[in-house]
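What follows is a set of notes on a single structure, which appears directly below.
The values are calculated or read from the model by the stated rules, or taken from the named source; none is laboratory data. Please read all numbers here as calculations on a predicted model, not as lab measurements. Counting neighbours? That spans all protein chains shown, and the Cβs are built from the backbone with ideal geometry, glycine included. Accessible surface areas use protein heavy atoms only, side chains included; no ligands, DNA or RNA. Shrake-Rupley method; radii C 1.70, N 1.55, O 1.52, S 1.80 Å.
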Amino acid sequence: MIIGKSQREIEKMRAAGQLVGRVLQQLRAMVEPGMTTMEVNDAAEQMIRDAGAYPTFKGYNGFPYSICASVNEQVVHGFPSGYKLKGGDIFSIDVGATLEGFVGDTATTVAVGKVSDDRLKLVRVTEECLNLAIEQCCAGNHLGDIGFAVQSHAEGQGYSVVRDYVGHGIGRRMHEDPQIPNYGKPGKGPKIKKGYVFALEPMINLGSLHTKTLNDGWTVVTVDGQPSAHFEHTVAVTEEGPEVLTLVRTPVREKLVSAA
Ligand code: MG
């Protein structure tokens with residue numbers, strides 16, 4: 001069942017979304033060659049707790065960390081570790097926070113140092129896929145319109161769309177109905193209604209779409225070892241169209257200082 005949100009609930013989700021969006025912006029800004037992915041995790045957890053929120057991922061189905069840290073051929077759900085990021089890596093950071101009972105969920109892929117053109121293009125196209133998905137989040141459209149927008153753009157560039165993991169409804173829980181595939185047919189699937197809130201998250205591979213999970217039980221990698229990129233926003237369907245709750249509109253530094 002898809003849980004529609006009231007105006008008041010969307011207001012709370014906006015607060016959670018803005019928090020997690022600011023955290024992700026700060027993380028993006030701090031990533032550089034030589035930094036470990038665990039340092040990024042620890043910074044995220046600190047910022048989330050300092051804001052009076054909880055890192056939603058931590059303990060979720062037993063996931064042990066506050067962010068998912070997925071480097072290069074890792075698609076999603078990578079464990080932060082002592083791995084030192086190096087120039088040429090693409091690093092996907094996924095972060096969630098629960099604030100006053102509501103969850104915000106957002107992800108980005110960062111180019112570390114100097115990155116090859118083919119990887120940079122993969123990152124850019126994946127972000128474009130997310131933006132195209134967001135544009136489809138209007139009352140009266142169908143879920144298939146979202147998937148179709150992502151799939152046509154990604155495949156049009158010669159990339160493949162991960163099928164094994166999908167976007168999702170979000171609210172008091174991180175994963176609510178519906179599942180939101182990044183592939184589909186226009187006009188198909190459930191109708192999108194005002195008050196729905198979705199976590200849209202295209203996962204796009206340079207090579208084939210096939211993935212497997214490592215022995216840690218979490219880290220998802222491409223079977224062919226080719227890189228993968230991932231972008232995510234939490235988006236509310238409003239009367240005026242899509243509102244991206246995790247998109248930060250105010251300067252980050254200012255906001256964090258005033259919150260301190
Ligand atoms: Mg998500």
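Over the chain, give the accessible area per residue in Å² for a 1.4 Å probe, as an integer. Don't jump to the answer; show the numbers that get you there.
Working: 11230 Å² over 260 residues.
Each residue of the chain exposes 43 Å² on average to a 1.4 Å probe.
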> Over the Cα atoms of the stretch 55-163, how large are the radius of gyration and the largest Cα-Cα distance (Dmax), in Å?
Replying inline: 15.7, 47
> Quick one: what do you get for the stretch 123-219 if you divide its Cα Rg by 2.2 N^0.38 Å?
Replying inline: 1.08
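Counting only protein heavy atoms and using a 1.4 Å probe, what share of the accessible area of the stretch 107-180 belongs to carbon plus sulfur, as a whole percent? Intermediate results must be reported in sequence, preceding the final value.
Details: 1430 of 3090 Å².
For the stretch 107-180, the apolar C and S fraction of the accessible surface comes to 46 percent.
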>> Which residue fluctuates most in the GNM of the chain (Cα springs below 10 Å): D94, D216, D50?
In response: D216
> Ranked highest first by the average count of other Cβ atoms within 10 Å around their residues, in what order do 69-75, 219-225, 197-203 fall?
Replying inline: 197-203, 69-75, 219-225
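Any chance you could tell me what percent of the C-alpha pair distances in the chain go past 22 Å? Don't skip to the answer; put the middle values down first.
Working: 17300 of 33670 pairs.
That tail contains 51 percent of the Cα-Cα pairs.
Once every DSSP H run of n ≥ 4 in the chain is given -39500 (n - 2.57) and the sum is divided by its residues, what mean residue ellipticity at 222 nm do you get, rounded to the nearest 500 deg cm²/dmol? Before the final figure, lay out each step's value.
Numbers: 5 runs with 79 residues, N = 260.
That calculation yields -10000 deg cm²/dmol at 222 nm.
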> What's the center-to-center distance, using Cα atoms, between the stretch 228-243 and the stretch 1-48 in Å?
Replying inline: 14 Å
> When only DSSP loop residues count, what trypsin sites (Lys or Arg not before Pro) in the stretch 82-118 have their Cβ near at most 10 other Cβ atoms within 10 Å?
Replying inline: K114
> Using a Gaussian network model of the chain with C-alpha springs under 10 Å, which one of R163, R249, R119 is most mobile by mean-square fluctuation?
Replying inline: R249
>> For a quick check: with amide H placed at 1.01 Å from N, whose amide H comes under 5 Å from S92's, ignoring anything fewer than 5 positions away on the same chain?
In response: S70, V71, N72, V110
>> Between E239 and R28, how high is the FRET efficiency from 1/(1 + (r/R0)^6) when r is the Cβ-Cβ distance and R₀ = 30 Å? Nearest 0.05.
In response: 0.45
>> Just to check I understand the Karplus step: with θ = phi - 60° and J = 6.51 cos²θ - 1.76 cosθ + 1.60, what whole-Hz values come out for the stretch 175-180, glycine and proline as x?
In response: 10, 10, 5, x, 6, 10
